[in-house]
Amino acid sequence: MKAAVLHGREDVRIEDVEERPLLAGEVRVAIGAALTCGTDLKVYRRGYHARMLTPPCVFGHEFAGTVSEVHSETHGWKVGERVVAANSAPCRRCAGCRRGQENLCDDLLFLNGAYAGSIVIPARFVEENLIRLRHTTRFESAALTEPLACVVQGIGDLQLRAGERLLVLGAGPIGLFAVALARAAGCEVLVAGRGAARLTLSQRLGASAVLNMEGRDDLESAIRERGWSDAVDVVFEAIGKPSTWEAATRIVRKGGRINFFGGCPAGTSVSLDTGVIHYSNLTLLASFHHTPRTIRRALDLIETGVIRSEDFVNGEVTLEELPSLFRAMTQGNRAVKTRILV
């Protein structure tokens, strides 16, 4: 089969890859839709991911498709079923799993290989995070399940209340998911980010006001000029820069809450004013990944129409065009999500 193989830093090639035989407990899924992701872009730029993959390897992890083969010792599944799989599966045995924090599993397994004609779903994933789709659910919609589940986790950690004012920092896919979920929770949503098209989309998803940071670097000053500072109950940081983490603590009101959702580059650190945090009684959170519960909640949000793929998937290329797409993405491609046709 054809697949996109990562060989190293900014080196991805379309190659013929042999499909390996299934092991007991496994199924094979023919890819119906695979989507680009910011994490995949980071992997492309770095040439590896310490926890998830080592080149040369097929990568990509947002996908949905059809079961095309079932091992004779895999029970409960049949060829032709339409499915989505998460990109990780917990062990259910470690302390994190026993606490119900499967996202912090000590033996969390990851699944990559979506940029290909098919993917093998390992036994633990089949047991934990392989889910059947409704007949009416489109594959490109279901492929949003994994990234949406991470935001479901983050919004849930914030325990939003109807009527609160939430400021989303960042208008990428994660920030846009946060807008939609916060509006569904009855919050007023403000967005600060870059890209006119994405900011327009955030308003369509329910943001009451936006701040275009194109050409500006001083986030705190821009927000104060808009009069948003100290009028924000909750901040959802979806940029992943130390400077925005720090600015968030100076933007939110006294007694407010912040979710440092965006992962900063490895080795970076932040400097926080202890007086501001202490005397303003701030609650600081940092959400990571997803759990089997949030995966299923995310798919439910998709299948009930709260999240629609047409709002997020706004590009389409063939598998052969994937290398050039990633080169373009390193230069600031503004597509929210691009579907890869395999």
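Listed values, structure above:
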read-out	value
Test: residue in segment 8-17 that is over 22 Å from the mean Cα position of the chain (by Cα) and free of Cβ contacts under 8 Å to residues at least 24 places away in the same chain	yes
Filter result for ALA247 (surrounded by 16 or more Cβ atoms within 10 Å (Cβ to Cβ) and either part of a loop (DSSP other than H, G, I, E, B) or among the β-branched types (Val, Ile, Thr) (or both))	no
Within segment 280-301, tally of residues that are under 15 Å from the mean Cα position of the chain (by Cα) and assigned to a helix (DSSP H, G or I)	8
In segment 297-342, the residues that are among the acidic types (Asp, Glu) and free of Cβ contacts under 8 Å to residues at least 60 places away in the same chain	ASP300, GLU310, GLU316, GLU321
Sole exception among (1) under 26 Å from ALA298 (Cα atoms); (2) surrounded by fewer than 16 Cβ atoms within 10 Å (Cβ to Cβ); (3) not charged (D, E, K, R) for SER202, by number	(2)
Considering residues of segment 124-134 that are touching an Asp or Glu at 6+ places or on another chain (Cβ under 8 Å) and buried (at least 19 other Cβ atoms within 10 Å of the Cβ) only, the residue nearest to THR36 (Cα to Cα)	LEU133
Any hit, segment 222-230, residues being among the basic types (Lys, Arg) and buried (at least 18 other Cβ atoms within 10 Å of the Cβ)	no
First in segment 168-185 and in a strand (DSSP E or B), second anywhere and at pLDDT 95 or above and among the acidic types (Asp, Glu), Cβ under 8 Å, 6 or more apart	LEU169/GLU237
Residue list for segment 301-319, filter: within 25 Å of ALA4 (Cβ to Cβ) and of a type in the set (S, T, N, Q)	SER309, ASN314, THR318
Test: residue in segment 263-276 that is in the same structural domain as SER202 (by TED's automatic domain parsing) and within 16 Å of the chain's Cα centre (by Cα)	yes
Evaluation of VAL313 against (1) of a type in the set (A, V, I, L, M, F, W, C); (2) exposed (fewer than 14 other Cβ atoms within 10 Å of the Cβ); (3) assigned by TED's automatic domain parsing to the domain that holds LEU109 (one fails), failing number	(2)
Residue among THR74, THR36 that is among the polar types (S, T, N, Q) and either closer than 30 Å to ASP157 by Cα or without any contact (Cβ under 8 Å) to a residue 40 or more places away in the chain (or both)	THR36
GLY262 vs. criteria free of Cβ contacts under 8 Å to residues at least 12 places away in the same chain and part of a loop (DSSP other than H, G, I, E, B)	no
Identity of the residue in segment 197-242, closer than 19 Å to SER280 by Cβ and in a helix (DSSP H, G or I), that ends up farthest from the chain's Cα centre (by Cα)	ARG224
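Okay, residues lined up against (1) touching a Ser or Thr at 6+ places or on another chain (Cβ under 9 Å); (2) in a loop (DSSP other than H, G, I, E, B); (3) closer than 18 Å to PHE139 by Cα; (4) not acidic (Asp, Glu):
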{"residue": "LEU22", "(1), (2), (3), (4)": "yes, yes, no, yes"}
{"residue": "LEU41", "(1), (2), (3), (4)": "yes, no, no, yes"}
{"residue": "THR66", "(1), (2), (3), (4)": "no, no, yes, yes"}
{"residue": "GLY76", "(1), (2), (3), (4)": "no, yes, no, yes"}
{"residue": "VAL79", "(1), (2), (3), (4)": "yes, yes, yes, yes"}
{"residue": "CYS97", "(1), (2), (3), (4)": "no, no, no, yes"}
{"residue": "ILE119", "(1), (2), (3), (4)": "no, no, yes, yes"}
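Yes/no matrix, rows are residues, columns are (1) surrounded by 22 or more Cβ atoms within 10 Å (Cβ to Cβ); (2) touching a Phe, Trp or Tyr at 6+ places or on another chain (Cβ under 6 Å); (3) in the same structural domain as ILE223 (by TED's automatic domain parsing):
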| site | (1), (2), (3) |
| --- | --- |
| THR136 | no, no, no |
| PHE139 | no, no, no |
| VAL152 | yes, no, yes |
| ILE155 | yes, no, yes |
| GLN159 | no, no, yes |
| GLU164 | no, no, yes |
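So that you can scan it fast, the table gives a plain yes or no per residue for (1) on the phi > 0 side of the Ramachandran plot; (2) surrounded by fewer than 23 Cβ atoms within 10 Å (Cβ to Cβ):
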site: CYS37; (1), (2): no, yes
site: GLY47; (1), (2): yes, yes
site: GLY60; (1), (2): yes, no
site: VAL67; (1), (2): no, yes
site: VAL70; (1), (2): no, yes
site: ARG98; (1), (2): no, yes
site: GLU102; (1), (2): no, no
site: PHE110; (1), (2): no, yes
site: ALA142; (1), (2): no, no
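The values are calculated or read from the model by the stated rules, or taken from the named source; none is laboratory data. None of these values were measured; they are calculated from a predicted model. Please note: Cβ atoms are built from the backbone with ideal geometry, for glycine as well, and neighbour counts cover all protein chains shown.
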